[in-house]
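Colleague: Got a structure for you, questions after.
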Amino acid sequence: MQTISNNGVMLHVQDQGPKSGRVVMLANSLGTDVRVWDAMIAQMPDDLRIVRFDKRGHGLSDCPDGPYAIEDLAGDALAVIDALGLKDITFVGLSVGGLIGQGVLQARPDVIKALVLMDTAAKIGTPEFWNERIDAMRASGIPALANGVMERWFAHNFREDDARVAPWRNMLSYTPLEGYLGVCSAIASADFTEFAATTQVPVLAMVGDEDGATPPDLVENTAKLYGAAFEVIAQAGHLPCVEHPKLTAQLILDFMKRTA
């Protein structure tokens, strides 16, 4: 098991594939860990160097006291990048992972070759929305609200089979409350709307057509801000890499060919 420390915060990292391969860095969503990418990675070629990590407060990484800022989360990603000597990265960010990717690009455009924004936006929700969620989660706990989250995460057809949904509901429910709320605070204050118009890095935006967390219109508006290609994945919710891993992988691979 590989770990990297950033200012005393231990981060769980997985680094697979040849060190000489083109780098794909994956940042996952709120309430998930690195396993959210397993099925998609299985559809990608072995010659890529694929790096993923558990953000603070999630998975096997440390859970420092919150609240967190998006600069903290992007700083963790940059610590991984610097420790592994990564460059020319295709950064794939899912939900808050997309905010992390935008934060990395803003802070260190020299290390990012291309950016994939998956079910995310330049700004997600309002501070009021996130403060209400923080209050609700603190009052009731994550498990009590997990079924509602599953409705936003997955398309109707996927949710019909509870055996497929149950592991993801458990993953969410086992997330440390302070880690979840800390990341909620980071999302609440993150806003890359003005930055988006200034970047020249190639961007691909994609979204599930049944995403209840970052709806297609929101993601399309962010694609327009970046002048990005935009793809809608049918019968998918907030985690298309789980529901349609082969198609999601192919969209990323095609984008990488165009930005080679």
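Colleague: Which pairs do you get when a residue that is closer than 18 Å to F255 by Cβ and among the charged types (D, E, K, R), found in segment 10-39, comes within reach of a residue that is at pLDDT below 95 and surrounded by 23 or more Cβ atoms within 10 Å (Cβ to Cβ), reach meaning Cβ atoms under 9 angstrom, with the pair 6+ apart or on two chains?
Modeller: Nothing qualifies.
Colleague: How many residues does segment 6-35 contain that are touching an Asp or Glu at 6+ places or on another chain (Cβ under 6 Å) and within 16 Å of M118 (Cα to Cα)?
Modeller: Residues meeting the conditions: 2.
Colleague: Report whether or not A260 is more than 28 Å from M137 (Cα to Cα) and part of a loop (DSSP other than H, G, I, E, B).
Modeller: The answer is yes for A260.
Colleague: Can you tell me which of G97, G101, G93 is closer than 18 Å to L181 by Cα and at pLDDT 95 or above?
Modeller: Exactly one residue qualifies, and that residue is G97.
Colleague: Now for a separate question. Restricted to segment 71-106, and to residues that are surrounded by fewer than 23 Cβ atoms within 10 Å (Cβ to Cβ) and small (G, A, S), which residue is nearest to G17 (Cα to Cα)?
Modeller: Taking the candidates together, the pick is G85.
Colleague: I would also like to ask the following. Going through segment 93-147 one residue at a time, which ones are over 26 Å from F158 (Cα atoms) and part of a strand (DSSP E or B)?
Modeller: Hits for segment 93-147 are I112, K113, A114, L115.
The values are calculated or read from the model by the stated rules, or taken from the named source; none is laboratory data. Treat the numbers as computed from the prediction; the structure is a model and nothing was measured. Note that each Cβ is placed from the backbone with ideal geometry, even for glycine, and that neighbours are counted across all protein chains shown.
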